[in-house]
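Engineer: Dropping a structure here in C-alpha cells format, bear with me for questions.
The values are calculated or read from the model by the stated rules, or taken from the named source; none is laboratory data. If you're wondering where the values come from, they're calculated on a predicted model, not measured in any experiment. Note that we place each Cβ from the backbone using ideal geometry, even for glycine, and neighbour counts take in every protein chain shown.
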C-alpha cells in the first residue's frame, strides 16, 4: 500500500481511531495503523473501502476477527465496519466509557477491549484537560 493511500485513510478519519475515537495526538508514542476491515486472510484487499485508521490497541485486539460473541445475548455478531456503519448508531460515550448500543456495538466494545484500564485512564486524563 503506497503512502498516498495511507495519507488518504488518515485524512478521511481525521487522525482518529475509527473504532474507539482516540486521536493520534492523544497517543504520541504509538503510531495509528491502517487496518484492513476484512483482513487479507479472509479475502480482504487494499481498496479504500476496506481500510480504516485504528489505534494500536483496537487493531491488536481486532486482529483477524470479523465477528465476536455479543456479551448480552451470547449470539455471534459481526464487528463494527467504519465504512458501512454509523459510529453514533452503534456506540456512545458515557462519561469515559465506550458503550455499545446495539449487538454490533456491544460485540465490538468487547472484542476490541475498548474499556481496558489503560484506555479508560487516558480518557479520564483527556476529559480533565477538556480534550475528550
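Engineer: For the stretch 80-90, state whether one or more residues are touching a strand residue (DSSP E or B) at 6+ places or on another chain (Cβ under 8 Å) and over 30 Å from residue 3 (Cα atoms).
Structural biologist: yes
Matching residues to (1) closer than 17 Å to residue 106 by Cα; (2) buried (at least 16 other Cβ atoms within 10 Å of the Cβ):
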{"site": "46", "(1), (2)": "no, no"}
{"site": "53", "(1), (2)": "no, yes"}
{"site": "58", "(1), (2)": "yes, yes"}
{"site": "61", "(1), (2)": "yes, yes"}
{"site": "72", "(1), (2)": "yes, no"}
{"site": "76", "(1), (2)": "yes, no"}
{"site": "79", "(1), (2)": "yes, yes"}
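Engineer: Out of (1) touching a residue at least 24 places away in the same chain (Cβ under 8 Å); (2) over 24 Å from residue 130 (Cβ atoms); (3) in contact with a strand residue (DSSP E or B) (Cβ under 8 Å, 6 or more places away or on another chain), the odd one out for residue 36 is which?
Structural biologist: Looking at each condition in turn, residue 36 falls short on (1).
Engineer: With the requirement that a residue be over 19 Å from residue 116 (Cα atoms), assigned to a loop (DSSP other than H, G, I, E, B) and in contact with a helix residue (DSSP H, G or I) (Cβ under 8 Å, 6 or more places away or on another chain), what does the stretch 32-64 give you?
Structural biologist: 37, 38, 44, 46, 64
Engineer: Just to be sure, is residue 11 over 15 Å from the mean Cα position of the chain (by Cα), loosely packed, with under 12 Cβ neighbours inside 10 Å and either closer than 26 Å to residue 106 by Cβ or modelled with pLDDT of 95 or more (or both)? Steps first, please.
Structural biologist: Values: over 15 Å from the mean Cα position of the chain (by Cα): yes; loosely packed, with under 12 Cβ neighbours inside 10 Å: yes; either closer than 26 Å to residue 106 by Cβ or modelled with pLDDT of 95 or more (or both): yes.
Spelling it out, residue 11 is indeed over 15 Å from the mean Cα position of the chain (by Cα), loosely packed, with under 12 Cβ neighbours inside 10 Å and either closer than 26 Å to residue 106 by Cβ or modelled with pLDDT of 95 or more (or both).
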